[in-house]
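To keep things clear, I will list the structure first and then write my remarks on it.
The values are calculated or read from the model by the stated rules, or taken from the named source; none is laboratory data. Model, not experiment: these values are computed from the prediction. Neighbour counts run over all protein chains shown; Cβ positions are idealised from the backbone, glycine included.
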C-alpha cells in the first residue's frame, strides 16, 4: 500500500468517526429541565394596630365625668401630731389615648393645714398581668405604679410602690362606686410601719 493510499484511508476513517459522533449527539436525550422553584408563600396580611382591652371600659366607664369631693385627712396624716384636716377637691376623668386609658385630674384646694395639690392619674388595663393598672404623679413630686387584680367596676383596690416626699413608699388606693353619682376614694400609705390612712375623698357628680 502506497503512502498516499494510507493517507486517504486514514482520512476517510477519521471523517467517519466525526460523523458518527455528531449523529450520536443528535440522538442523545435532552438533559432534564431543572425543577421549577417552589412558589413563594403568600405574604401574611399586615397586623392592624392593637385595640384597647374591653376591661378598660368595663372597669372605668362609670368613673368618667366631673366630680366634686369632700376630702378628709386624718390626724397624723401629715406627720406626728398633725390635726385632722378637711378640704374641697375636684376630679375630672375622661377617656383618651385611643381608648387605652382614662385620665384623671385631681385638684385639692389649699387649707390651713394642707397645701394646694394637683395630681394626674391614668387608669388602664395591663394585659400581661391581667390586672387593672394605675399610674399617678402629683405636684409635690410623688409618683406611684399600682395594680388591682380581681377589680370590678364597683370596687377597685390598687396596691403598688412609688415615692412620697422623696422616700420609697407602698400605697393602697380603694375606689368604691357607692351609686352612679357617688364614689368614695381612700388612700393609705406604708412607709415601713404598715398601711396607715392618709386621706378619704367622697365625690359626687
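Suppose we filter the stretch 68-84 for residues that are modelled with pLDDT under 95 and closer than 22 Å to residue 137 by Cβ; how many remain?
Residues flagged as modelled with pLDDT under 95 and closer than 22 Å to residue 137 by Cβ within the stretch 68-84 amount to 4.
Quick test of your reading of the structure: residue 89 fulfils all but one of (1) surrounded by 15 or more Cβ atoms within 10 Å (Cβ to Cβ); (2) modelled with pLDDT of 95 or more; (3) more than 22 Å from residue 178 (Cβ to Cβ). Name the failing condition by number.
The single condition residue 89 does not satisfy is (3).
Among the listed residues 95, 130, 51, identify the single one that is within 27 Å of residue 152 (Cα to Cα), modelled with pLDDT under 95 and within 28 Å of the chain's Cα centre (by Cα).
Result of the check over 95, 130, 51: 51.
Could you give every pair whose Cβ atoms fall below 8 Å, whose first residue belongs to the stretch 79-98 and is on the phi > 0 side of the Ramachandran plot and without any contact (Cβ under 8 Å) to a residue 60 or more places away in the chain, and whose second residue is in a loop (DSSP other than H, G, I, E, B) and surrounded by 12 or more Cβ atoms within 10 Å (Cβ to Cβ), counting only separations of at least 6 or pairs across chains?
Every condition considered, the pairs that remain are 98/52.
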